[in-house]
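Structure, as structure tokens:
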Amino acid sequence: MSTRTARSQRPQREPAPPLLDVLDQMHQRILGSLAELQQLVERAQREGADVAARNDARALRAFFNEHARQHHASEESEVFPALLDSGDAELVGHVQRLQQDHGWLDVDWYEIDPMLDAFAEGIGTDLEALRVAVQVYADLYRDHISLEENVVYPRAREIGVAASRR
């Protein structure tokens, strides 16, 4: 059998979804993880830090440290540059705000992460301080995602930004 015949017998792969669709899907994961994070802190305030809660804290730390940060990096490198060059002053203003949000989300996470790490390791944690920090973080993140999904991503789709996943 020739190489050409062998290749033609392989199943065809589905094309990768457009980048903005991938980013939208990550928004749903982020929103779900924010809810889980808030529920974890509320549960810990009521019931303490059992093994399941500590494991949940580890998983949430990993998600926000890895996936959420990579999501922001993808937006910054693959979506925002073209929007900033669009010549649309209102859109540029929204993107600049989103960039600023990314910075504030990092600052907020840098406050939460060590508290969540201490909780995960069974070290005494001020759960009220953690609850307040998580609330601030979640509120900003939800507002940020709303601006992206309702204003910026639709405009990006209109002008053909990030139409395909690299």
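Does V95 meet the test of being over 12 Å from the mean Cα position of the chain (by Cα), at pLDDT 95 or above and surrounded by 18 or more Cβ atoms within 10 Å (Cβ to Cβ)?
For V95, the condition - over 12 Å from the mean Cα position of the chain (by Cα), at pLDDT 95 or above and surrounded by 18 or more Cβ atoms within 10 Å (Cβ to Cβ) - is met.
With respect to A120, determine if the residue is within 27 Å of A53 (Cα to Cα) and of a type outside the set (D, E).
yes
Out of everything in segment 98-140 that is of a type outside the set (S, T, N, Q) and assigned to a loop (DSSP other than H, G, I, E, B), what residue ends up being surrounded by the fewest Cβ atoms within 10 Å (Cβ to Cβ)?
G124
Being among the polar types (S, T, N, Q) and under 14 Å from W109 (Cβ atoms) is the filter; apply it to segment 40-88 and report the residue that is farthest from the chain's Cα centre (by Cα).
Looking at residues that are among the polar types (S, T, N, Q) and under 14 Å from W109 (Cβ atoms), I get N65.
When you go through L60, L23 one by one, which is the residue that is at pLDDT below 95 and part of a helix (DSSP H, G or I)?
L23
Please go through segment 56-103 and pick out each residue that is without any contact (Cβ under 8 Å) to a residue 24 or more places away in the chain and of a type in the set (A, V, I, L, M).
A59, A62, A73, L84, A89, V92
The values are calculated or read from the model by the stated rules, or taken from the named source; none is laboratory data. Since the structure is predicted, the reported quantities are computational estimates derived from the model, not experimental observations. Every residue, glycine among them, receives a Cβ derived from its backbone with ideal geometry; neighbour counts consider all protein chains shown.
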